[in-house]
Amino acid sequence: MHLLVVDDEPAILQLIELLVQFSGEHTISTAECAVDALDLLAQPDAEPVDCFLVDIQMPGTDGIELCKILRSRHDHKNTPVLMLTAMSDKSYIDRAFSAGATDYITKPFEIDDVRGRIKLMEEIVVSRKKQKQQPDLSNTGASEIDAPLALHEPFHVRNVNGMIDYLALENYISLMARKKLFGSAVFAFSIRDIENLFQQTSRYEYECLVADVAEAITMCLSEHPHLISHAGNGTFVCIVEDGWQPDAEALADKVNIAIHNLGLYFNDGRPMSVKVSAGDVIRLVWKSGDSAMNALSAAHQSAENESRRYAEDLKNFWDDRHIVSR
């Protein structure tokens, strides 16, 4: 990878440079502020950046605003951004992940921890580069939106408040657990009959469907600080951090009304019937380590189970009606 480290502390820049040099696997550029970083990226001969390490407190534009700027650019909308900062207050952590940060390390940090996080970022970069090396569709007249997309594949929804990448959500929960900063709950929504909808839609239609459902969910959560991520399979995992304990069934009804009001259609003009089911609300207070990550998985699975249960109940209802009519 080529890394760009942005920090106004020369000692930190030197330390990261040494760490990268000793790894023998990566190259590095450094900048002492956001303006210098953006100037580096704008240079015609600049080496493409595969990963950013960014401090928060810097003169001028801070690291969180820099993260937002990077995410607004097509070439860095998915580039890993690792926040490396002394700011350990929860409000900074929440703002950083909401801005698009992939992970967050607080100073003073352990060298092995930084090395491990960089290794994780490398795995992400390698995986995404392999995806880009799939057969070229340009000669067939196809575009990026025609490329195959697996139903289970979690993709990030842009331009929806509170939406973050699923890996970032996992990192957020892991960080909250380590710091014992949890104050609320995790739960999930799953789109009903998602397999059928996925088969009926093009990639573009499906991504629009997921974005519209995400928009409906975030509208219904707008009164509470929240983060949401699309986890694949039409499932959205949500975390609220203000002590609110929602009624899952009532919240699902509210989301379904919001989806209905958006008026979803297939490209050919047919109305698209879309509803979600909500799983169990799992409190995260006092959870730490693996138990917090298990709660994330449990919420995810609970929503998908509820969606399947609804489909089975509906099938049994119509089967019973058919038997009675005969």
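The values are calculated or read from the model by the stated rules, or taken from the named source; none is laboratory data. Since this is a predicted model, take the numbers as computed values, not measurements. Neighbour counts run over all protein chains shown; Cβ positions are idealised from the backbone, glycine included. All accessible areas refer to the heavy atoms of the entire protein, side chains included, with ligands and DNA or RNA removed. Shrake-Rupley method; radii C 1.70, N 1.55, O 1.52, S 1.80 Å.
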Among the numbered criteria (1) at pLDDT below 90; (2) open to solvent by 50 Å² or more (accessible area, probe 1.4 Å); (3) in contact with a strand residue (DSSP E or B) (Cβ under 8 Å, 6 or more places away or on another chain), which one does Ile323 miss? (3)
Identify all residues within the range 232-263 that are in a helix (DSSP H, G or I), open to solvent by less than 70 Å² (accessible area, probe 1.4 Å) and either touching a Cys at 6+ places or on another chain (Cβ under 9 Å) or more than 17 Å from Asn161 (Cβ to Cβ) (or both); write none if there are none. Ala248, Ala250, Leu251, Ala252, Val255, Asn256, Ala258
Any idea which residue in the range 152-164 is nearest to the chain's Cα centre (by Cα), counting only those that are open to solvent by 40 Å² or more (accessible area, probe 1.4 Å) and under 22 Å from Asp280 (Cα atoms)? Pro154
Of the conditions (1) within 22 Å of Gln245 (Cα to Cα); (2) at pLDDT below 95; (3) under 17 Å from the mean Cα position of the chain (by Cα); (4) outside any helix (DSSP H, G or I), the single one that Glu223 does not satisfy is (3)
Consider Val54 carefully, then state whether it is over 27 Å from Phe155 (Cβ atoms), within 24 Å of the chain's Cα centre (by Cα) and in contact (Cβ under 8 Å) with a residue 24 or more places away in the chain. no
Every listed condition ((1) surrounded by 12 or more Cβ atoms within 10 Å (Cβ to Cβ); (2) at pLDDT 85 or above; (3) under 17 Å from the mean Cα position of the chain (by Cα)) holds for Ile194 save (3)
Go through the range 78-105 residue by residue and tally those that are among the hydroxyl-bearing types (Ser, Thr, Tyr) and surrounded by fewer than 18 Cβ atoms within 10 Å (Cβ to Cβ). 2
Taking the residues in the range 32-48 that are at pLDDT 95 or above and under 20 Å from Met121 (Cα atoms) as candidates, determine which candidate is least open to solvent (accessible area, probe 1.4 Å). Ala37
Find the residue count for the range 69-94, including only residues that are more than 14 Å from the chain's Cα centre (by Cα) and assigned to a helix (DSSP H, G or I). 9
Mind checking which residues of the range 1-27 are of a type in the set (A, V, I, L, M), within 13 Å of Leu84 (Cβ to Cβ) and open to solvent by 40 Å² or more (accessible area, probe 1.4 Å)? Ala11, Leu15
Criterion first (open to solvent by less than 10 Å² (accessible area, probe 1.4 Å) and either out of contact with any Asp or Glu (no Cβ under 6 Å at 6 or more places or on another chain) or at pLDDT below 95 (or both)) does Ser229 satisfy it? yes
Subset of the range 264-282 [exposed (fewer than 15 other Cβ atoms within 10 Å of the Cβ) and more than 13 Å from Asp212 (Cα to Cα)]: Asn267, Asp268, Gly269, Arg270, Pro271
Any residue in the range 64-84 that's under 15 Å from Ile164 (Cα atoms) and touching a residue at least 60 places away in the same chain (Cβ under 8 Å): show its pairings with residues that are open to solvent by 40 Å² or more (accessible area, probe 1.4 Å) and part of a helix (DSSP H, G or I) at Cβ separation under 8 Å, as long as the two are six or more apart or on different chains. Asn78/Arg128
Would you say Glu215 is surrounded by 14 or more Cβ atoms within 10 Å (Cβ to Cβ), part of a helix (DSSP H, G or I) and among the charged types (D, E, K, R)? yes
